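Heads up, the thing below is written out as structure tokens.
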Amino acid sequence: MMGIRNRLQVFSGSASVDLSKRVCAKLGIKPGDIYIGKFPDGEVEIKINDDVRGADVFVIQSTSAPTNDNLMELLIIIDCLKRASAGRITAVLPYFGYARQDRKAEGRVPVTAKLVANLITRAGAERVLTIDLHAAQIQGFFDIPVDHLYAAPVMTDYLQRINLGNSNLVVVSPDVGGIKMARAYAKKLNADLAIVDKRRIGSKQTEVMHIIGNVSDKNVLLIDDMISTATTISEAAIVLREQGAKNIYACATHAVLCGNAMEKLARAKLKEVILTDTIALDSAKIKSFIKILSISELVGEAIRRIHNSESVSSLFI
Ligand code: R5P
């Protein structure tokens, strides 16, 4: 087992450079020296400039868009570290892409979450550290240890600071799959819970939405693991408003924000959308109603504990 004396080194892939700097600042170490470039034909070129022999190495890389490039880059960095004789390699994926294809929902479709887990393991990672997986059972797709962190403590700290917990609040899950997460927030914030129940009806499969719970004259906090196209959150906001909700807030760990998601959120007229920095956002594109919280302290503390063989689960209490 790796002990406290093996030196700790943190490298970043190109998707998570700023986050890695913040994590390293928390750990009081310098980010590892790595060259990431492209060969003339577009293939990824990596060179680790630090000696990593025997070291306890963490590679931070979100597999966010461009997903395939970032994933391939992560695999190549892991391969590079392995061949440079790193003592142990932990893949840190603040955002684990391809997670939504986690089962065969119909015939002749892949299970990409499992494929990606296999690729990361085969490349040479011995551990994984990640945050708010789309489905917790993806941990079981890995046959190596996975530490699964939750952004909820970071989010609820902020929500308590802005006094949302004491504001006649209802926490709302925008779909049935998110109930567990929403319930945890509701408990922490002493708020009620409601659920958006989406159903397809009729031969043309029209979608109707019902709210299970009472949101009339209440402030509402929508909770989701990610905002991708922003359709889920925007549609939920419309129904909640129809049902008499007052101010609508939304909280999501992963700011996938593809296409015109930012504009859609703006049109949904949410009071505030609270996201984290698991995915780097172009600061020029961040609108005034967006609040970004950093998970760097959480990740830094988890890395410190893994390195020192201390409990990580006690971080969740
Ligand atoms: C769904 O299961 C997820 O938890 C999110 O609700 C969904 O992925 C968000 O996607 P979009 O923003 O595209 O509606």
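Can you give the FRET efficiency to the nearest 0.05 for N6 and A136, using r as the Cβ-Cβ distance and R₀ = 25 Å?
0.25
In terms of modelled amide H atoms, which long-range or inter-chain residues lie less than 5 Å from the amide H of A268?
Long-range HN contacts for A268: none found.
Once you've got the GNM for the chain with C-alpha springs shorter than 10 Å, pick whichever of I274, I138, I162 has the biggest mean-square fluctuation.
Maximum among the listed residues: I162.
Sticking with the crude label model, points 7 Å out along Cα→Cβ, report the distance from D197 to H210 in nm, one decimal please.
0.3
Report the full-extension gain for the segment S288 to K271: residue separation times 0.36 nm, less the Cα-Cα distance, to one decimal in nm.
Length difference between fully extended and current span is 5.1 nm.
Can you tell me what share of the DSSP beta bridges in region 152-293 is antiparallel? A percent to the nearest 5 is fine.
Around 25 percent of the beta bridges assigned by DSSP in region 152-293 are antiparallel ones.
Return the calculated 222 nm mean residue ellipticity for the chain, to the nearest 500 deg cm²/dmol, obtained by summing -39500 (n - 2.57) across DSSP H runs with n ≥ 4 and dividing by the residue count.
Result for the chain, helices only: -9000 deg cm²/dmol.
Give me the compactness ratio for region 125-243, meaning the Cα radius of gyration over 2.2 N^0.38 Å.
Normalised Cα radius of gyration, region 125-243: 1.21.
Under a crude label model (7 Å from the Cα following the beta-carbon direction), how far is K246 from K187 in nanometres?
Inter-label distance under the simple model: 2.7 nm.
Ranked from the most accessible area to the least, with a 1.4 Å probe and all protein chains present, what is the order of D41, D56, D175?
Solvent-accessible surface, decreasing: D41, D175, D56.
Would region 78-158 count as rounded, prolate or oblate if I go by the C-alpha gyration tensor, calling it rounded below 1.5 in a/c and otherwise prolate when a/b exceeds b/c, oblate otherwise?
Oblate.
Around A191, with a cut-off of 13 angstrom between Cβ atoms, what is the net charge of the other residues, counting Lys and Arg +1 and Asp and Glu -1?
Its environment carries a net charge of +3.
Top to bottom by accessible area (1.4 Å), largest first, where do H134, H254 land?
H134, H254
May I ask for the Rg/Rh ratio of the chain, computed from Cα atoms with Rh as the Kirkwood radius, given to two decimals?
Radius of gyration relative to Kirkwood radius: 0.99.
Tell me, what is the per residue accessible area of the chain in Å², probe radius 1.4 Å?
48
Which residue fluctuates the most in the chain, going by a Gaussian network model with Cα springs under 10 Å, if the choices are E301, E45, E73?
Looking only at E301, E45, E73, the biggest GNM fluctuation is shown by E45.
Suppose R0 equals 25 Å; then what is the FRET efficiency for F39 and K82 from their Cβ-Cβ distance, rounded to the nearest 0.05?
With a Förster radius of 25 Å, E is 0.75.
How much length, in nm to one decimal, is gained on full extension between N49 and I179, taken as 0.36 nm per residue of separation minus their Cα-Cα distance?
Fully extending the segment from N49 to I179 adds 42.2 nm.
With labels modelled as points extended 7 Å from the Cα through the Cβ direction, what inter-label distance (nm, one decimal) is found for R161 paired with K30?
That separation, rounded to one decimal, is 3.1 nm.
What is the percent carbon and sulfur in the accessible area of region 152-293, measuring with a 1.4 Å probe over the protein chains and ignoring ligands?
Here carbon and sulfur together make up 47 percent of the probe-accessible area.
Any idea of R183's accessible area? Nearest 10 Å², probe 1.4 Å.
130
The values are calculated or read from the model by the stated rules, or taken from the named source; none is laboratory data. Quick caveat: nothing in here was measured; it's all calculated off a predicted structure. Because the Cβ atoms are built from the backbone with ideal geometry, glycine has one as well, and the counts that use them run over all protein chains shown. Quick note on the areas: whole protein, heavy atoms, side chains included, nothing else; ligands and nucleic acids left out. Shrake-Rupley method; radii C 1.70, N 1.55, O 1.52, S 1.80 Å.
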